[in-house]
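Working notes, structure below.
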Amino acid sequence: MYQYVDKIKTPTDIKELNTAQLNILCNEIRDLLINSVSQNGGHLASNLGVVELTVALHRVLNCPKDKIVWDVGHQSYVHKILTGRGGELSSIRQMGGLCGFCNPEENEYDCCYTGHASTSLSTALGFAESKKLTGEDYNIAAVIGDGSFTGGLAFEALNNIGNLKSKMLIILNDNEMSIAENVGAFSTLLSKARTNKNYTSSKRKVVERLSKKEFGKKVLRFLRKVKKLVKSAVEPNLLFEQFGITYLGPVNGHNIEEMEDLFIRALSLDEPVIVHVITTKGKGYEPAEKMPQKFHGVGPFEVDTGEVESKVGSYSEVFGKKLCELATENEKVVAITPAMIPGSGLGKFSEQFPERLYDVGIAEGHSITFAGGIAAGGGIPVVSIYSSFLQRAYDNLIHDVALGDSHIVLAVDRAGLVGGDGATHQGLFDISYLTAIPNMTVLSPSSYKELEKMLEYAVMKHNGPIALRYPRGRSYTNIDNGDFGLSKASVVRQGDKATIVAEGQSVSVAIKTAELLSERGIEVEVIDVRTLKPIDFDTIIESTKKTGALLSVEENLKRGGMGEMIAGELKLRNIDVKMKIKAIEDEFVVHGTISELNHKYGFTEEQLANEIERML
């Protein structure tokens with residue numbers, strides 16, 4: 001039972017609290033965050049870092065009339081608590097529970113969907129301009145982290161904001177971290193601000209002393225003439241002011257009173273203002289402060305020790321280990337990642353080959369075009385990127401890689417169903433959008449062994465752009481289809497009553513389905529497609545002619561996926577068979593455990609077995 005948190009139904013409930021009460025409230029919020037996330041996992045360190053910031057923001061604004069746009073939104077748990085959802089926090093990222101990001105369908109205080117980085121400024125500017133069309137009057141605040149500022153979209157928005165001069169409050173949450181430690185020139189620029197926090201107070205003292213005497217006043221007038229030169233040397237605000245945006249700060253992001261003062265001053269101006277807030281990621285929980293990367297997105301853990309439940313291997317780890325082996329053999333191999341070194345399994349690569357690992361920050365489009373340039377120059381770039389994030393670089397992939405048939409390797413992690421992160425992170429589009437690109441080859445390993453073979457082929461033998469899509473987490477099979485051959489599917493189980501064609505993680509459930517049907521006296525053939533483009537249609541059709549029925553299974557959107565490609569080929573060859581495509585229909589998939597999602601969308605062996613029985 002919490003003294004204050006349990007009583008919060010709307011942000012209005014915190015506006016009359018005094019400083020001592022607010023401190024108690026912040027401690028209670030941190031306790032609730034730690035205990036809730038420790039049970040089911042989630043984004044912890046980023047939320048611990050914005051407790052006071054969120055409290056200050058909601059005390060100054062009048063939401064939901066006023067709008068808060070959270071960049072990415074993984075730091076919005078505190079916002080959820082302050083908007084009456086604290087009692088549901090234990091359900092976060094669980095099916096039927098709270099979304100791990102902002103979702104307008106969940107609550108009126110979430111003004112837009114979030115999930116990917118660098119989008120908040122563009123969205124907030126859209127709100128600011130829409131007020132002119134509707135005649136409404138409200139404030140808009142965008143909260144963006146220093147990591148998200150490495151994305152080009154943020155700078156495109158800044159350029160537009162400075163041009164339109166729309167009134168809005170931009171809060172730069174500077175904790176020196178995104179998921180991994182921030183890199184690049186912008187991070188260096190903000191570091192200068194952190195080391196010059198005393199500039200404003202020092203300037204005030206100098207002015208006070210010089211103003212007391214006539215000679216001092218003359219000196220002061222001279223100093224004001226060279227103010228711009230001084231500012232450009234010691235302050236980062238010149239960057240934002242060049243965009244036409246007023247800069248305030250930096251301010252202590254764990255001092256509510258100081259932040260409220262700056263927010264109120266910023267909102268009093270009829271122009272865009274950026275307030276630079278310095279926070280500590282993981283604030284208030286020692287394990288998270290010491291290891292913010294580990295506690296960015298974390299699974300269940302022991303609160304007292306910070307020990308996270310152990311994992312039994314993953315595709316990401318196997319990828320990283322194999323890439324190290326290939327880089328040892330060939331010095332032209334380099335790895336590229338958009339701020340995802342730990343999540344993509346590149347930790348060991350960064351230790352063994354630091355000079356051949358490029359962390360380009362949250363800049364997916366740049367990572368692809370950069371890789372295209374390396375390939376054009378004779379290197380072998382391997383870009384490790386999540387499926388849902390690769391969507392952001394689609395034009396770069398077409399224009400800067402595929403058009404020139406450049407040899408880059410895409411390690412497409414988190415393909416298929418990903419679970420708790422929900423609609424913005426499910427990797428359910430890549431088969432459709434990758435196979436639509438000319439010159440692109442797409443592989444889908446069904447086991448660790450298959451991933452290793454495919455990666456070796458992709459790096460050492462292939463010419464042109466090639467992608468390997470593999471799921472989050474561990475493999476559920478030990479399949480070894482022998483030597484890898486491009487466009488060569490593998491029959492992993494013989495049968496004569498029906499054919500199941502599956503890709504990647506779906507192969508394991510296809511095998512279980514065949515075993516279940518065998519117990520019912522129905523022998524089903526299972527084909528591991530291996531290569532999604534080009535598909536081995538001959539093996540599939542040969543099997544289908546024998547069995548007379550075909551079920552295709554894929555963790556991808558049905559439209560433009562593997563099943564539709566197979567159906568199109570069957571029609572082209574005038575082959576008439578019973579066929580069913582098991583894929584995601586025309587919808588976005590919500591959050592839930594993988595097991596729950598498999599059941600909801602019909603991917604369990606029992607459901608697939610019933611599908612085949614109905615076909616027969």
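Readers should treat all values here as calculations from the given coordinates under stated rules, not as data from a laboratory. Since the model is a prediction, treat every value here as computed from it, not as a measurement. Here the Cβ positions follow ideal geometry from the backbone for every residue, glycine too, while neighbour counts run over all protein chains shown.
Adding -39500 (n - 2.57) for every DSSP H run of four residues or longer, then dividing by how many residues the chain holds, sets the calculated 222 nm ellipticity at -12000 deg cm²/dmol. The radius of gyration of the Cα set in segment 436-481, together with its Dmax, comes out at 11.4, 32 angstrom.
Taking the longest Cα principal axis of the chain as reference, the axis of helix 364-376 is set at about 60 degrees. Hey, got a sec? Which GluC sites (Glu not before Pro) in segment 303-344 land in a DSSP loop and have at most 12 other Cβ atoms within 10 Å? Those satisfying the criteria are Glu307, Glu309, Glu331.
From Cα pairs below 8 angstrom and at least 6 apart in sequence, can you work out the relative contact order of segment 243-333, rounded to a whole percent? Computed value for segment 243-333: 19 percent relative contact order. Spacing of the modelled spin labels on Leu616 and Glu129, each 7 Å from Cα toward Cβ, amounts to 5.9 nm.
Counting only alpha carbon atoms, the long axis of helix 51-60 and the longest principal axis of the chain meet at about 60°. Under a 5 Å amide H cut-off, with hydrogens placed 1.01 Å from N, Leu550 pairs with Thr499, Lys578, Met579, Lys580 among residues at least 5 apart or on other chains.
From the P(r) of segment 1-48, could you give the percentage of C-alpha pairs in the tail past 16 Å? Taking all Cα-Cα pairs of segment 1-48, the fraction more than 16 Å apart is 43 percent. For chymotrypsin sites (Phe, Trp or Tyr not before Pro), the sites in segment 1-73 that DSSP calls loop and that have at most 16 other Cβ atoms within 10 Å are Tyr2. Suppose the Debye formula is applied to equal point scatterers at every Cα of segment 301-354; what is log10 I(q)/I(0) at q = 0.19, 0.25, 0.29 Å⁻¹? Rounded to two decimals, the profile gives -0.70, -0.97, -1.14. Counting every C-alpha pair in the chain, the share spaced more than 39 angstrom apart comes to 37%. Computed over segment 383-508, relative contact order equals 28 percent, with contacts defined as Cα pairs under 8 Å that lie 6+ residues apart. Could you tell me how far the Cα centroid of segment 284-332 sits from the Cα centroid of segment 497-520, in Å? Cα centroid to Cα centroid, the span is 32 Å. When restricted to Cα atoms, segment 393-466 yields an Rg and a Dmax of 13.2, 38 Å, respectively. Given segment 103-142, report the % of alpha carbon pairs whose separation exceeds 10 Å. In whole percent, the share of Cα-Cα pairs in segment 103-142 beyond 10 Å is 73.
With a cut-off of 9 Å between beta carbons, the residues surrounding Ile431 carry a summed charge of -2, where Lys and Arg count +1 and Asp and Glu -1.
Computed from the C-alpha gyration tensor, the three semi-axes of the ellipsoid equivalent to segment 329-369 are 17, 13, 7 Å, from longest to shortest. Distances between placed amide hydrogens fall under 5 Å for Ala467 paired with Leu410, Thr441, Val442, Leu443, all partners being 5 or more residues away or on another chain.
Would you work out if segment 490-582 is rounded, prolate or oblate? Take a ≥ b ≥ c from the square roots of the eigenvalues of the alpha-carbon gyration tensor; rounded if a/c is under 1.5, else prolate when a/b is larger than b/c, oblate otherwise. Here segment 490-582 falls in the oblate category.
Shape annotation for segment 357-482: C-alpha extents along the principal axes are 39, 36, 29 Å, from largest to smallest. All Cα-Cα separations within segment 1-159 were binned at 5 Å from zero, giving a P(r) of 2, 9, 18, 21, 21, 15, 9, 4, 1, 0, each value a whole percent of the pairs.
Less than 5 angstrom separates the built amide H of Leu98 from those of Ser91, Ile92, Arg93, all sequence-distant by 5 or more or on a different chain.
Just to confirm a number: summing +1 for Lys and Arg and -1 for Asp and Glu over residues other than Val78 whose beta-carbon lies under 12 angstrom from that of Val78, what do you get? Here the count lands on +2. The GluC sites (Glu not before Pro) found in segment 24-113 that occupy coil by DSSP, while having at most 12 further C-beta atoms within 10 Å, are Glu105, Glu108. Hydrodynamic analysis of segment 258-384 uses the Kirkwood radius over alpha carbon pairs. Inserted into Stokes-Einstein at 4 °C and 1.567 mPa s, it gives a translational diffusion coefficient of 73 µm²/s.
Peptides 595-601, 114-120, 356-362 ranked from most to least packed, by the mean per-residue count of other Cβ atoms within 10 Å: 114-120, 356-362, 595-601. Using the Cβ of Asp421 as centre and a radius below 12 Å, the other residues enclosed give a net charge of +3, where K and R count +1 and D and E count -1.
Calculated on the Cα set of segment 362-409, radius of gyration then Dmax: 9.7, 28 Å. The spacing between segment 553-587 and segment 385-439, judged by their C-alpha centroids, is 20 Å. To the nearest 10 degrees, how steep is helix 152-164 against the longest Cα principal axis of the chain, on a 0 to 90 scale? Once rounded, one gets 40 degrees.
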